[in-house]
1. Quick test of your reading of the structure: GLU110 fulfils all but one of (1) more than 15 Å from the chain's Cα centre (by Cα); (2) free of Cβ contacts under 8 Å to residues at least 60 places away in the same chain. Name the failing condition by number.
2. Can you confirm whether PHE83 is open to solvent by 20 Å² or more (accessible area, probe 1.4 Å), within 28 Å of LYS232 (Cβ to Cβ) and part of a strand (DSSP E or B)?
3. Assess whether ILE94 counts as being of a type in the set (Val, Ile, Thr) and open to solvent by less than 100 Å² (accessible area, probe 1.4 Å).
4. Would you pick out the residues in the stretch 102-115 that are open to solvent by 50 Å² or more (accessible area, probe 1.4 Å) and either in a loop (DSSP other than H, G, I, E, B) or out of contact with any Ser or Thr (no Cβ under 9 Å at 6 or more places or on another chain) (or both)?
5. Can you go through ALA170, ALA165 and tell me which one is surrounded by 16 or more Cβ atoms within 10 Å (Cβ to Cβ), at pLDDT below 80 and not assigned by the TED database to the domain that holds ARG52?
6. If you scan the stretch 116-167, which residues turn out to be aliphatic (A, V, I, L, M) and assigned to a strand (DSSP E or B)?
7. Taking the residues in the stretch 40-69 that are within 18 Å of GLY107 (Cβ to Cβ) and touching a residue at least 40 places away in the same chain (Cβ under 8 Å) as candidates, determine which candidate is most open to solvent (accessible area, probe 1.4 Å).
Amino acid sequence: MTKQLNLHLVGENKVPLLNNLINNKIDYLTSIKKAIAESDYLSIYELLDSARFNEKIRHWRHADPNYFLSNMTETIQPELAEFLVPKLLAYLQIYFPFFFFREVKTGVYEILFGRWPSARTFGILDVIRIEFIFNDPVINELRDFMDDPSFVQNRDDQLKELHRANRIYAGKPGIVSEQSMQENQTEILRLQKEQAVLELEQEQIEKHFGSFSHFLEQAGHLYVDYLNFLNKEN
């Protein structure tokens, strides 16, 4: 009987703690709801990841994470991203004007570089974390094209070799099959098309950022730059 009574008392002693935990969750969700109702984007991002916000925006050395609370938003983050994205896209149109965005599913946005034919998909825009998640092979190809002279030289050598082969094929119509001649021409057109797209991307990067390294640096600062922009608006 005494043991049962003690267990009962232990259970009762946990009630204040449970109430506190429940009230914290209620207060958190109430704060999120209020920030959404007031279109207070800055507060929403702070509530979603307080440690990152305090480190990057307030420059606090030590910031406790609020994952145990923000995890409650996990199931509604696609819809939350749809709410947040118009403001973010308006900002990106000013500072990354060559990027365009296509929603591929709720709250998920592909990054397209340019509106020209064959515009390439550069990756995904993470609206919740305010990050570009670039497609490594695509971004690395543009970096090599802009910064590595050997990459451009190799492309030029490939085209020269293909054109030389075409001239040889043209002089030997009875020896070389028509299919081989067509495959060669298809490869030339593919390389020329890729070259044209890379040149358009390079032109835009240099126009707005001067160099590829500066573009990549600014892209990496998106979280801080955008939230500082929102802070100034407030």
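The values are calculated or read from the model by the stated rules, or taken from the named source; none is laboratory data. If you're wondering where the values come from, they're calculated on a predicted model, not measured in any experiment. FYI the Cβ positions are ideal-geometry reconstructions off the backbone, even for glycines, and counts take in every protein chain you see. Only protein heavy atoms, including side chains, enter the accessible area calculation; ligands, DNA and RNA are left aside. Shrake-Rupley method; radii C 1.70, N 1.55, O 1.52, S 1.80 Å.
1. Exception for GLU110: condition (1).
2. Answer is no for this residue.
3. Working: of a type in the set (Val, Ile, Thr): yes; open to solvent by less than 100 Å² (accessible area, probe 1.4 Å): no.
In short, no.
4. If the condition is that a residue be open to solvent by 50 Å² or more (accessible area, probe 1.4 Å) and either in a loop (DSSP other than H, G, I, E, B) or out of contact with any Ser or Thr (no Cβ under 9 Å at 6 or more places or on another chain) (or both), then GLU103, VAL104, LYS105, THR106, ARG115 are the ones that fit.
5. Values: ALA170 fails: surrounded by 16 or more Cβ atoms within 10 Å (Cβ to Cβ).
Exactly one residue qualifies, and that residue is ALA165.
6. If the condition is that a residue be aliphatic (A, V, I, L, M) and assigned to a strand (DSSP E or B), then ILE124, LEU125, ILE133 are the ones that fit.
7. Taking the candidates together, the pick is TYR41.
Rundown of residues vs (1) outside any helix (DSSP H, G or I); (2) modelled with pLDDT under 95; (3) not aliphatic (A, V, I, L, M), yes/no style:
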site	(1), (2), (3)
LEU7	no, yes, no
PRO16	no, yes, yes
ASN20	no, yes, yes
ILE26	no, no, no
LEU29	no, no, no
LEU42	no, no, no
ARG58	yes, yes, yes
PHE68	no, yes, yes
